[in-house]
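Colleague: One structure, pasted below without further comment.
Throughout, read-outs are computed from the coordinates displayed, never taken from laboratory work. No experiment lies behind these values; they were computed from the predicted model shown. Neighbour counts run over all protein chains shown; Cβ positions are idealised from the backbone, glycine included.
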Amino acid sequence: MDVIAQGVATLVDDASYADFTPYISVPAGNYLLDITPGNNNNTIVATFSAELSGLGGGAAVVFASGFLDPSMNQNGEAFGLFAALPNGAVVTLNKVGTARLQVIHNAADPAASSVDVYVNGGLLLDNFNFREATPFIDVNSGQTLNIGIAPGTSTSVNDTLVNIPVVLSEGETYVAVANGVLNPTLFSVNPEGISTAFQLLLFSGMQEVGLNETNVDLAVLHGATDAPAVDVFARNVAQLIDSITYTELNGYINVPAADYLLDVTLSGGSPIVATYLAPLSGLSGGAAVVFASGFLDPSMNQNGESFGLFAALANGTVIALNDTSNSRLQVIHNCADPAANQVDVYVNGTLLLDDFTFRTATPFIDVPSNVTLNIGIAPGTSTSVNDTLVNIPVVLANGGTYLAVASGVLAPASFAVNPDGRPTGFQLLLQDMMRETAEDGINVDFRAIHGSTDAPTVDVVAVGAGVIVDNAAYTAITGYITVPPAAYTLQVTDATNNNIIVAQYAADLSSLGGGSAVVFASGFLTPSNNQNGPAFGLFAALVDGTVIPFSAITGLNNIKNDFVQTLYPNPTNNRITIDLKSDVVVEAIAIIDLTGKTIYSSPVLTSNSSITFEVNSLNVGTYFLNVYSSTGELAVKRFSVIK
């Protein structure tokens, strides 16, 4: 074994059992003696306190005694160090207890990017870099540890910039975080007025493992000097941190081992400052310290490292949580120009949507936020971004939910002018604060868009419910309208006279409870004046990208879904049965697919209480069943075919 006087020198080198060293002469003082294997000074078997300050001029024999493992040696006395004085007195050198300690370098001052750490004069960490951590190690407890921080170029403890004394309790587990800046007058002040001077933040009660083998335990430290108090949310899960300020450590949070999006917001929950991906799925049973680090505004802080979130694991590994600030976006192709029937959509030069067809929509997807997105629209035959016809820059806010609607025509001079004089050139209508579900989880929330270039300002009237869209001109996007899930007759009327019905549609929203949609007017009122482009219609884009055409009603005043009492089975794979009210005479039945195409139509003329017909020739998908009564009423029911 070796015997090392902490911060002084190796006193005994490679001493084997029964070896007796020559005399070692040391100044009279108090020493901490580390006992280590002869070939591994990093493993400390035990540490003893040798109080020699009162023995100046004296001599002693220090002897190792007892068994390292009493259980294997008939339970004899345990290992210890003892000193025999010339007068026969035997002094027991007290064994020093230990604590567990992890050190994290989180001082963002560029002058402290690499430091040396001394403990009681001895070098503990050489060239310890910003955002590095040690594993948990054993350190002496019950003793004053003078921790000195020096530049990475230091040659001795005399080069330390700051010295901080700490005393650790035996058996306790600590994390010490070097934080702050060396000269606060050269840096931004903290928004809450908290001192940003360099300091060693010492936290007890830390964990090396999780309390639950399937979960992860996280302690969160606010270590960014120029950042205000913040909240932290696990997106779509829960709020994790409520109003934490600089230098504060939040107690451990126990979460299932999974990957999370962490939204950092100003205290109070908004706005979102940044979003980070926390990949915790592989850390079951583990624990970590998540620390905010760097400067929100490096330009005001000597161009130090920018703000980020990092996780220090118990083994010293530091994981950078990736900044994944993003928004949610749905895109609808509602440009009725026949030349744009199919388009390619590029974002910042990369193909996002290939052969994106008129009246189709994407689901809501994640897209980068707080950066300029150059959205380019090119013909469906494009080979690169160089083929784009128009390019539109947009910047989306982090955490926002957006709708982008391609609308208008490529060459307005070749199409009918808008009756209200509104420009009809191609454009991207961008709307924020979109919803992917209904706010109350019960009703249907929808926004309506006037997207027909040659249509005047209109109202939309729900028969029996009144005006739901008032004075909508071309390109108008309404606020959210909340209605019960049911079947409606929607009349598009002239805004100046609701008795002038432009068009009438059956809108079956009965299966969309708890959901949301975008209802958009599309196409031309007069195709013959618009290069024979697609005719006017109403459509609903759902959040998953499904686009549902509303069935046009011609010469009918009402939708009476209640005269079809039931439709079953639904879904089906071969036949459908409908049960009718006893006083209803059915005149015709039609099946409409999601594109609005009538794929089956047949006169029936029956007053039977139920009608069964085959659908086994239909492809897998969703369809609408239109049932026409002899009195001019229509029932619209949706059903699905499976195989």
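Colleague: I need the shape label for the stretch 40-136. Rule: rounded when a/c is under 1.5, else prolate if a/b > b/c, else oblate, with a, b, c from the alpha carbon gyration tensor.
Modeller: Here the stretch 40-136 falls in the oblate category.
Colleague: Right, another one. Under a Cβ-only charge scheme (Lys and Arg +1, Asp and Glu -1), can you give me the dipole magnitude of the chain about the Cα centre, in debye to the nearest 20? Let's see the in-between values first.
Modeller: Numbers: 16 positive and 54 negative charges, 347 e Å.
So the magnitude is around 1660 debye.
Colleague: Would any residue of the stretch 609-635 have its amide N under 17 Å from a label point 7 Å out along Cα→Cβ of Lys643? List them or say none.
Modeller: 615-623
Colleague: Further question: Looking at the chain, how many pairs of lysines come closer than 18 Å at the Cα, when each pair is eight or more places apart or spans two chains?
Modeller: Total qualifying Lys-Lys pairs in the chain comes to 4.
Colleague: May I pose another question? Roughly how many Å is it from the Cα centre of the stretch 161-222 to that of the stretch 516-540, as a whole number?
Modeller: Cα centroid to Cα centroid, the span is 62 Å.
Colleague: While we're looking at this one, here's another question. How long is the gain from Ala397 to Phe613 if the chain were fully straight, where each residue apart is worth 0.36 nm and the alpha carbon distance is subtracted?
Modeller: Value of the extension gain: 72.6 nm.
Colleague: Further question on the same structure: Starting with the fewest neighbours, write out Met206, Met72 ranked by other beta-carbon atoms found within 10 Å of each beta-carbon.
Modeller: Met72, Met206
Colleague: Can you sort Lys95, Lys643 from fewest to most other Cβ atoms within 10 Å of each residue's own Cβ? Each step should come with its number before you reach the end.
Modeller: On the way: Lys95 15, Lys643 9.
Ascending number of Cβ neighbours within 10 Å: Lys643, Lys95.
Colleague: Could you grab the Rg to Rh ratio for the stretch 163-313? Cα atoms only, Kirkwood for Rh. Working shown, then result.
Modeller: Numbers: Rg = 15.8 Å, Rh = 16.2 Å.
Looking at the stretch 163-313, the ratio lands at 0.98.
Colleague: At 0.36 nm per residue, and after removing the present C-alpha to C-alpha distance, how many nm does the segment from Asp126 to Gln431 gain when stretched out fully?
Modeller: 104.4 nm
Colleague: Net charge near Val345: determine it from the other residues with C-beta under 11 Å of the C-beta of Val345, scoring Lys and Arg +1 and Asp and Glu -1.
Modeller: Computed value for this residue: -3.
Colleague: Next question. Got a sec? Charge dipole of the stretch 328-552, +1 on Cβ for Lys and Arg, -1 for Asp and Glu; which of Val345, Tyr480, Pro419 is way out at the positive end?
Modeller: Pro419
Colleague: By count of other Cβ within 10 Å, fewest leading, how are Ser65, Ser528 ordered? Write out the running numbers ahead of the final one.
Modeller: On the way: Ser65 12, Ser528 9.
With the sparsest Cβ surroundings first, the list reads Ser528, Ser65.
Colleague: Quote the charge dipole size of the stretch 99-323 about the Cα centre in Debye, to the nearest 20; the model charges only the Cβ of Lys and Arg (+1) and of Asp and Glu (-1).
Modeller: 40
Colleague: Moving on. How high is the FRET efficiency from Asn163 to Val91, r the C-beta distance, R0 35 Å, rounded to 0.05?
Modeller: Here the calculated transfer efficiency is 0.65.
Colleague: Any idea which of Pro151, Gly38, Ser267 is furthest toward the positive side of the dipole for the chain, if Lys and Arg beta-carbons carry +1 and Asp and Glu beta-carbons -1?
Modeller: Of the candidates, Ser267 comes out farthest on the positive side.
Colleague: Work out how much length Thr496 to Val371 would gain on full extension: take 0.36 nm times their residue separation and subtract the Cα-Cα distance, in nm to one decimal.
Modeller: 40.7 nm
Colleague: Considering only the other residues whose Cβ falls under 12 Å of the Cβ of Leu329, what net charge follows from Lys and Arg at +1 and Asp and Glu at -1?
Modeller: Value of the local net charge: -2.
Colleague: To continue, here is another question. Let me know the shape class of the stretch 2-96, please: from the alpha-carbon gyration tensor, a ≥ b ≥ c as square roots of the eigenvalues, rounded when a/c is under 1.5, otherwise prolate if a/b is greater than b/c, or oblate.
Modeller: Oblate, because a/c is 1.5 or more while a/b does not exceed b/c.
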